Amino acid sequence: MTHLSDALHRPGAIIRYSDSGGDGPAVVFTHGAGMDHSVFAPQLQAVRATGRRAIVHDLRGHGASLLDDGIRFTAADALEDLAALLDALDLQHPVLVGHSLGGNLSQALVRRHPDRAAGLVVIGATWNAGPLTPAERLALRLAAPMLGLIPAGRLPGLMAKASAVTPAAVAATEAMFRRMPKRTFLDVWRATVSLVDPDPAYRTPVPLGLIRGADDRTGNIATAMPRWAAAEGVTEHVIPHAGHVATFDAPEATTAALLTLV
């Protein structure tokens, strides 16, 4: 785990982050719902070894980043946090790398501010702007209410088993999920769903890289990402023997794919 030595004070939260510094092209990593920056540990090390400037942070209410009492997690706040981090570090055109919710947030930032990024790499996240079938729309509406019915003590374990396939990855993922109160986790899940905003005509205005685990069964990622790759004319990097958290399940293969994209 990287030591997050710096802090960005935001309304209702303190965002902890680490910046390797240097003059190389910047790469900003944003993790997924209920997790923290350590999901990118091997990838951070590899990116730094190439001479690039690597920035990693914990989303508000995750890991080392604090969320003030009485403040609920929202996608709008998390998106503003990410933009504020780029501003604070004077990052003109970084490559944004996001896993799961981090991928949805990174997509949203590029969509809102296409001049802010030099590239976008999405790992295990759905296509925000992609078309949805009636069944997918229904599943999005029902996801949070269904998760709310699961007892708090069982939810982290069930979510971890749905997110990873190797025993070590399941254990690491469950440990992260257990740190977050159920109410906050449901808020984070709702935030993720809120970032899905179909627009059939939209195309990513910066170089795009797509990575997913071959065994990812989270939401509609396994069907949406291939459609996205076809629509944008890019190659989808499918990682064998990996689930939703491909960085944990297959770190070496995920890192190799990432290094071809940043």
So Asp19, is it acidic (Asp, Glu), open to solvent by 20 Å² or more (accessible area, probe 1.4 Å), touching an Asp or Glu at 6+ places or on another chain (Cβ under 7 Å) and touching a residue at least 24 places away in the same chain (Cβ under 8 Å): yes
Sole residue being in a helix (DSSP H, G or I) and in contact with a Lys or Arg (Cβ under 6 Å, 6 or more places away or on another chain), chosen from Asp87, Asp77, Asp81: Asp81
Which of the numbered conditions does Gly148 fail, given that it passes all the others? Conditions: (1) out of contact with any helix residue (DSSP H, G or I) (no Cβ under 7 Å at 6 or more places or on another chain); (2) at pLDDT below 95; (3) farther than 18 Å from Ala125 by Cα; (4) not polar (S, T, N, Q). (1)
Search result, residues across the stretch 208-226 that are loosely packed, with under 15 Cβ neighbours inside 10 Å and either among the β-branched types (Val, Ile, Thr) or assigned to a helix (DSSP H, G or I) (or both): Thr223
Filter the helices (runs of 4 or more DSSP H) completely within the stretch 124-207 down to those with at least 3 residues that are over 22 Å from Ala76 (Cβ atoms) and open to solvent by 30 Å² or more (accessible area, probe 1.4 Å). 134-148, 155-163, 167-177
Based on what the data block shows, is Pro94 in contact (Cβ under 8 Å) with a residue 40 or more places away in the chain and open to solvent by 50 Å² or more (accessible area, probe 1.4 Å)? no
Inspect the stretch 5-28 for any residue being of a type in the set (Ser, Thr, Tyr) and under 16 Å from Val188 (Cβ atoms) and give the result as yes or no. no
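The values are calculated or read from the model by the stated rules, or taken from the named source; none is laboratory data. Given the structure is predicted, the values throughout are model-derived calculations rather than measurements. Methodologically, a virtual Cβ is constructed for each residue, glycine included, from the backbone with ideal geometry; neighbour enumeration extends over all protein chains shown. Protein only, heavy atoms only, side chains kept; ligands, DNA and RNA dropped before computing areas. Shrake-Rupley method; radii C 1.70, N 1.55, O 1.52, S 1.80 Å.
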